[in-house]
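The values are calculated or read from the model by the stated rules, or taken from the named source; none is laboratory data. Please read these numbers as outputs of a predicted model, since none were measured by experiment. With ideal geometry, Cβ positions are generated from the backbone for all residues, glycine too; neighbour counts draw on all protein chains shown.
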Amino acid sequence: MLNGKLALVTGSTSGIGLGIARALGRQGADLVLNGFGDPADIAKLQAELASTLGIKVHYESADLTRPADIDAMMARITAAHGSVDILVNNAGIQHVAPVEHFPVDRWDAVIALNLSSAFHTTRCAIPGMRARNWGRIINIASAHGLVASAEKAAYVAAKHGIVGLTKVVALETAKTGITCNAICPGWVLTALVQKQIDARAQQAGISVEEAKLALLGEKQPSLEFVTPEQLGELAVFLCSPAANQVRGAAWSVDGGWTAQ
Ligand code: NAD
């Protein structure tokens with residue numbers, strides 16, 4: 001379905017981004033991976049995806065907290081591989097602290113990566129999408145793009161911000177073949193969440209399994225984690241013609257978290 005399309009998935013060396021990259025690749029899209037990690041592991045991942053899916057898999061190591069590096073990355077991709085047809089803004093980090101103790105440098109980093117990087121990739125990708133009159137921009141927001149939790153000031157602000165950015169871009173492209181939507185996952189068991197589970201287990205003196213259940217029990221009525229594969233399949237749907245009129249949505253996949 002996506003043969004001949006080029007998909008850039010930011011933060012796709014692990015977790016949700018990798019799940020989405022795999023799902024798009026399974027549909028035939030060529031991939032540009034991005035994110036941190038051991039260069040040998042990343043080269044192995046590239047080779048595995050290329051050979052099992054029969055697609056081209058490129059890699060960009062840009063640190064997306066730096067706007068100039070994003071501009072350079074987007075220019076390199078266009079020059080080397082053509083314009084990006086599918087842009088998935090997924091790279092993100094978390095920091096947990098009460099607002100009065102929130103380290104200023106962590107605030108700046110979370111806003112730079114979880115919000116501003118999506119603005120920069122989007123502004124760079126849209127001209128090429130307009131030229132072809134087709135494009136998909138998928139922003140990985142969060143349940144925290146719709147509701148708040150204590151001690152996550154930067155994350156919640158950035159995720160609410162990206163839901164707003166999604167709506168603006170959807171309106172500005174409404175009369176074109178470009179759509180822009182946000183996906184709002186609940187808890188997904190990735191490195192980002194494992195850190196929070198480990199911290200909870202240590203603080204409460206409970207096992208990691210007990211901490212997992214406590215984390216889910218607090219927010220996610222299904223008591224089950226969302227999976228990167230499920231989010232990947234939703235991204236595939238958003239890329240399909242059936243989703244041509246899905247514009248500016250903030251689509252919850254959260255086990256009932258925000259229904260409460
Ligand atoms: P993860 O830690 O597994 O993956 C994050 C990815 O971002 C990695 O590839 C990492 O290398 C990359 N990255 C980190 N800093 C970067 C930088 N400066 N420049 C470029 N890449 C960078 O986390 P995840 O859970 O898969 O999170 C992915 C996205 O999903 C994030 O935006 C996160 O906020 C969102 N999300 C996660 C959950 C969850 O429960 N895990 C829930 C809702 C939303």
**OP:** Residue by residue through the range 194-221, note down the ones that are more than 13 Å from the ligand (Cβ to nearest atom) and either touching a residue at least 12 places away in the same chain (Cβ under 8 Å) or of a type in the set (Lys, Arg) (or both).
**Re:** ASP198, ALA199, ARG200, ALA211, ALA214, PRO221
Original post:
Would you call SER83 at pLDDT below 95 and either touching a helix residue (DSSP H, G or I) at 6+ places or on another chain (Cβ under 6 Å) or crowded, with 18+ Cβ neighbours inside 10 Å (or both)?
Top reply: yes
Original post:
Of these, ARG130, ARG76, ARG136, ARG106, which one is farther than 19 Å from TRP251 by Cα and more than 16 Å from the ligand (Cβ to nearest atom)?
Top reply: ARG130
Original post:
What are the residues in the range 27-48 that are surrounded by fewer than 17 Cβ atoms within 10 Å (Cβ to Cβ) and outside any helix (DSSP H, G or I), if any?
Top reply: GLY28, PHE36, GLY37, ASP38
Subject >> Scan of the range 231-255 for residues that are without any contact (Cβ under 8 Å) to a residue 40 or more places away in the chain and over 23 Å from LEU165 (Cβ atoms), ordered by number >> reply: PRO241, ALA242
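Would you mind stating whether ALA174 is over 20 Å from LEU231 (Cα atoms), within 16 Å of the ligand (Cβ to nearest atom) and either small (Gly, Ala, Ser) or at pLDDT 95 or above (or both)?
No, not satisfied.
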Original post:
From the list GLY19, GLY35, which residue is within 15 Å of the ligand (Cβ to nearest atom), among the small types (Gly, Ala, Ser), touching a Gly at 6+ places or on another chain (Cβ under 6 Å) and under 20 Å from VAL110 (Cα atoms)?
Top reply: GLY35
**OP:** Give the residues of the range 158-193 that are surrounded by fewer than 23 Cβ atoms within 10 Å (Cβ to Cβ), part of a helix (DSSP H, G or I) and free of Cβ contacts under 8 Å to residues at least 60 places away in the same chain, sorted by residue number.
**Re:** HIS160, GLY161, GLY164, LEU165, VAL168, GLU172, VAL193
Original post:
Could you list, in sequence order, the residues of the range 1-16 that are within 13 Å of the ligand (Cβ to nearest atom) and either in a loop (DSSP other than H, G, I, E, B) or free of Cβ contacts under 8 Å to residues at least 12 places away in the same chain (or both)?
Top reply: THR10, GLY11, SER12, THR13, SER14
Original post:
Does ILE55 satisfy being buried (at least 18 other Cβ atoms within 10 Å of the Cβ), part of a helix (DSSP H, G or I) and among the β-branched types (Val, Ile, Thr)?
Top reply: no
Subject >> Scope the range 144-157; condition surrounded by fewer than 20 Cβ atoms within 10 Å (Cβ to Cβ) and not aliphatic (A, V, I, L, M); matching residues >> reply: SER149, GLU151
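Matching residues to (1) surrounded by fewer than 23 Cβ atoms within 10 Å (Cβ to Cβ); (2) closer than 18 Å to ALA91 by Cα:
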position	(1), (2)
ILE137	no, yes
GLN202	yes, no
LYS212	yes, no
GLU218	yes, no
THR227	yes, yes
**OP:** Considering each residue of the range 58-68, count those that are part of a helix (DSSP H, G or I) and either of a type in the set (A, V, I, L, M) or out of contact with any helix residue (DSSP H, G or I) (no Cβ under 9 Å at 6 or more places or on another chain) (or both), and give that number.
**Re:** 1
**OP:** Of the conditions (1) without any contact (Cβ under 8 Å) to a residue 40 or more places away in the chain; (2) surrounded by 15 or more Cβ atoms within 10 Å (Cβ to Cβ); (3) of a type outside the set (Gly, Ala, Ser), ASP71 clears all except one; give me its number.
**Re:** (1)
